[in-house]
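Notes follow once the structure below has been shown.
The values are calculated or read from the model by the stated rules, or taken from the named source; none is laboratory data. As the structure is a computational prediction, the values presented were derived from the model and not from experiment. Accessible surface areas use protein heavy atoms only, side chains included; no ligands, DNA or RNA. Shrake-Rupley method; radii C 1.70, N 1.55, O 1.52, S 1.80 Å.
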Amino acid sequence: MILQAASKGFFHVLASSRTLKALASRYGMREGSGFARRFIAGETVEEAIEAARQIEKSGLMVTLDFLGESVASIAEADAATRAYITVLEKVAAAGIERNISLKLTQLGLTVDRATCVDNLRRVLDAAAAKEFFVRIDMENSPYTDATLAILETLWQQGHHHIGTVIQTCLKRSEGDIRRLNALGARVRLVKGAYWDSEIKRAQIDGLDGYPVAV
């Protein structure tokens, strides 16, 4: 578990460092030998679309995610929003499966919640016009309430082509699933990618039903 926590910490540092991102891009995304190729479809939309085509040929379903989270300004959130709308246009033109995933902190949740909602609405409007399904990723536990509340707000405004993710390690997850089922929104269950204090407490206490997050 110590190694796992260290690894997760490293990747969070990597995500926030431009220098480390550049090194990871240079060495991690090398054709054939790049360690990141196993997890990242490509550095351009075109590379991701080609990777998606290969996955679809094997009979699997695909969702595309423009990597990034926790932007520091409204301008960065706007740039991410516009990037997603470009992805929608290129994916639709390519004819591959129309599923995308996104993070609310990438659209500005930690900067200004109202701006985040507006940015998400922009993406959803563009997605609806091209018949996309949009999955709102679940981030670490401080954002769970906001994620669910924002989804419910936009669902009530008629955006029913959205769903979210629930991390099974959290004590609250059963109730959250019931809440989403009552709404009618689609739910994807995961073990969780964040090393949250709530999960650590459960493991220290030896509680059943709280597997290590991966």
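Things to note:
- The range 55-117 - percent of accessible surface contributed by carbon and sulfur, probe 1.4 Å: 57 percent
- The phi-based Karplus calculation (6.51 cos²θ - 1.76 cosθ + 1.60; θ = phi - 60°) puts the 3J(HN,Hα) values of the range 117-123 at 4, 4, 5, 4, 4, 4, 5 Hz, whole numbers, x for Gly and Pro.
- 1.4 Å probe accessible area per residue over the range 69-173, in Å²: 38 Å²
- Here's how it looks for ASP65: its modeled amide H is under 5 Å from those of SER101, which are all 5 or more places away or on a different chain.
- Scalar couplings 3J(HN,Hα) for the range 150-161, obtained by applying the Karplus form with A = 6.51, B = -1.76, C = 1.60 to θ = phi - 60°, are 5, 4, 4, 4, 6, 4, 5, 8, x, 8, 9, 9 Hz; x denotes Gly and Pro.
- Backbone geometry of the range 186-192 corresponds, through the Karplus equation with coefficients 6.51, -1.76 and 1.60 at θ = phi - 60°, to 3J(HN,Hα) couplings of 6, 10, 10, 8, 9, 6, x Hz, x marking Gly and Pro.
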